[in-house]
Amino acid sequence: MADLTGSTLPICRTCGTQYATPRLDCPVCLDERQYVGRDGQQWTSLAELRAEGHRGRFEEQGPDIVGIGCTPDFAIGQRALLLRTGAGNVLWDCVPYLDDAMIREVRELGGITAIAISHPHFYSAMVDWAHAFEVPVYLHEADRRWVGRPDPALRFWSGQTHQLTDELTLINPGVHFPGSTVMHWNTGQGALFTGDIVNVGPDPRWVSIMYSYANHIPERPDAVRAAGKLLAGYRFDRIYGAWWDRVVTAAGNEVLARSIERYLRFEQALPTESSSWIPQDHATRNSL
């Protein structure tokens with residue numbers, strides 16, 4: 001068994017966040033963007049999850065992109081993405097489960113040089129992942145208060161962008177959480193990795209931006225508009241969401257533009273026929 005320093009540390013069964021010490025509550029779940037389960041606060045640990053029969057799940061999610069999660073699903077059921085880049089493999093987002101077999105498989109894929117995470121709902125077991133591969137984890141400074149297990153491996157960045165490598169840029173669009181992060185990959189036709197900062201739903205012609213997905217709280221129209229303007233400055237054909245196979249596979253810029261336009265129209269933040277919030281070359285009419 002790998003020497004995972006957090007094997008017995010508490011993990012919230014509802015959201016998957018790992019904490020440094022036992023506690024009665026989970027601050028992430030008490031926040032209005034998440035929730036405490038109907039049976040009250042419940043805890044587990046990596047050791048207990050292994051004993052319950054959880055194991056790793058690896059599946060291709062796109063060109064040079066491998067999805068990593070666990071089966072059966074746990075907590076919010078997200079998957080991380082391993083990107084095979086020119087500067088080495090980077091793990092986008094994180095999952096609350098890890099075991100020896102997963103470590104071996106990731107190493108067979110070339111290991112990991114860095115981890116970058118979109119927002120606190122995906123902090124999960126990030127410190128154990130960092131320790132297992134001896135790599136840093138990049139988080140936005142504005143969300144530091146949500147870290148449940150402080151560690152020297154955590155690297156906080158601030159501002160609107162951070163250049164992770166020549167190919168990868170971390171971007172703070174300021175929706176869902178103050179430190180929300182998406183990542184742009186500039187190779188080929190470009191790709192945007194969003195977690196659920198920009199959520200890819202069952203219909204890949206559309207994405208959504210919410211303050212709380214679990215509690216159906218809409219994001220502020222001004223924040224959505226500002227995020228759209230910021231992301232319109234990057235070219236991306238694909239958008240990779242937070243869950244298995246939630247991927248926009250073509251025309252990503254146009255999908256994002258018309259989705260934001262629809263959102264603002266329903267929020268009565270735009271005249272019915274207006275798309276003045278976006279640069280003209282990204283403006284698209286919803287004819288679907």
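What the table shows:
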| item | result |
| --- | --- |
| Kyte-Doolittle mean at least 1.0, axial Cα span of 27 Å or more - DSSP H helices of the chain | none |
| Whether the chain is rounded, prolate or oblate, judged on the alpha carbon gyration tensor where a/c under 1.5 counts as rounded | prolate |
| Simple Cβ-charge dipole of the stretch 125-242, Lys/Arg +1 and Asp/Glu -1, about Cα centre, in debye nearest 20 | 320 |
| ARG205, ARG38, ARG107, ranked by accessible area, largest first (probe 1.4 Å) | ARG38, ARG107, ARG205 |
| Once exposed loop chymotrypsin sites (Phe, Trp or Tyr not before Pro) are cut out (DSSP; at most 16 other Cβ, 10 Å), longest piece of the chain | 36-243 |
| FRET efficiency, TYR35 to ARG205 (Cβ-Cβ, R0 30 Å, nearest 0.05) | 0.55 |
| Within the chain, helix-based [θ] at 222 nm, where runs of 4 or more DSSP H residues each add -39,500 (n - 2.57), nearest 500 | -5000 deg cm²/dmol |
| Dipole magnitude (debye, nearest 20) for the chain, charges at Cβ of Lys, Arg, Asp, Glu | 460 |
| Probe 1.4 Å, accessible area per residue of the stretch 111-251, Å² | 37 |
| Net lengthening on full extension, ARG55/ALA226 (0.36 nm per residue, minus Cα-Cα) | 57.6 nm |
| Apportionment of accessible area to carbon and sulfur, the chain, percent (1.4 Å) | 48 |
| Relative intensity, log₁₀ I(q)/I(0), of the stretch 93-132 from a Debye sum that treats every alpha carbon as a point, q = 0.23, 0.25, 0.35 Å⁻¹ | -0.76, -0.88, -1.27 |
| Farthest positive-ward along the chain dipole, Cα basis, beta-carbon charges - from GLN41, PRO178, SER259 | SER259 |
| The stretch 24-126: C-alpha gyration tensor shape, a/c 1.5 cut-off, then a/b vs b/c | prolate |
| Projected label distance in nm at ARG23 and THR165, using a 7 Å step from Cα toward the beta-carbon | 3.3 |
| Unit charges at the beta carbon, dipole of the stretch 1-141: most positive-side option, ALA20, HIS54, ILE68 | HIS54 |
| Binned Cα-Cα distances of the stretch 57-174, short to long, each 5 Å bin given as a whole percent | 2, 11, 23, 25, 21, 12, 4, 0 |
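The values are calculated or read from the model by the stated rules, or taken from the named source; none is laboratory data. Treat the numbers as computed from the prediction; the structure is a model and nothing was measured. Here Cβ is always computed from backbone atoms with ideal geometry, including for glycine, and neighbour counts include all displayed protein chains. In case anyone asks, the SASA skips ligands and DNA or RNA and just uses the protein heavy atoms, side chains included. Shrake-Rupley method; radii C 1.70, N 1.55, O 1.52, S 1.80 Å.
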